[in-house]
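What follows is calculated from the coordinates using simple rules that are stated; it is not laboratory data. This one's a predicted model, so the numbers in the text were calculated from it and none came from an experiment. Backbone-built Cβ (ideal geometry, glycine too); neighbour counts: all protein chains shown.
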Amino acid sequence: MKMNYETSRLVLKVLPDTAARQVLQFYLDNQDIFERYEIDRPINFYTENYQKSLLHCEYNLAVKQSFVRFWVFEKGKEEQVIGTVSLQHICWSPYLSCELGYKFDRRYWGKGYAKESILKCMDIVFKEMQLHRVEAQVQPENTASRKLLEGLGFVKEGRKRQSVKLHGVWKDHEVYALLAGERM
């Protein structure tokens, strides 16, 4: 697996800790949206030092292929992060599976960037990493994410009841999956 990939319009790359300022700005620009769907953040999450530490850790995990986060940029505009696609909980034999995560800057919604990025990641997962299964978990009220996954060929397998505690409340998540043989 490489640390940088391109699509027709985008660049996906694992970032070093020197990109902490870019990453912090991405989170600050979308804080109100992202926090609806994510766990409570540590008090220092929205600092450059915290992001630097996180990027350093994520880079090392990517080298080991146990967690990979690709930061997404428009080609020719690599000074601004527009999204992220991650491959989490990578399990090797006998499971050969991982979990997909993604989030995009609200200013770039509706342009097909999430779909394009995820399709590239599915190529990496199934062709390069030779994994068999990708799962994604979505809160039932997140209609846009559900439609995105379904449009990519993911199949809804069921609901995990009260699977994650978000902002003090246990939330259900719907589980979607895509198998290597089902790829678009």
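Separation of the stretch 1-73 from the stretch 98-125 is 14 Å, based on Cα centroids. Using the Cβ-Cβ distance between MET3 and LEU96 with R0 = 25 Å, the FRET efficiency computed as 1/(1 + (r/R0)^6) comes to roughly 0.70.
What 222 nm value per residue comes from the helices of the chain, counting each DSSP H run with n ≥ 4 as -39,500 (n - 2.57) and dividing by all residues, nearest 500 deg cm²/dmol? Walk me through the numbers before you get to the answer.
Numbers: 5 runs with 54 residues, N = 184.
Result for the chain, helices only: -9000 deg cm²/dmol.
Using only Cα coordinates, the Kirkwood hydrodynamic radius of the stretch 4-182 works out to 16.9 Å. Assuming charge only on the beta carbon of Lys and Arg (+1) and of Asp and Glu (-1), the dipole of the stretch 86-184 about its Cα centre is about 300 debye to the nearest 20.
Computed from backbone phi, the HN-Hα couplings of the stretch 117-131 come to 5, 5, 4, 4, 5, 5, 4, 4, 4, 8, 8, 7, 7, 6, 7 Hz, rounded to whole numbers (Karplus: 6.51 cos²θ - 1.76 cosθ + 1.60, θ = phi - 60°; Gly and Pro given as x). Distances between placed amide hydrogens fall under 5 Å for HIS132 paired with SER97, all partners being 5 or more residues away or on another chain.
Among the GluC sites (Glu not before Pro) in the stretch 1-62, those placed in a DSSP loop whose Cβ has at most 16 other Cβ atoms within 10 Å are GLU38.
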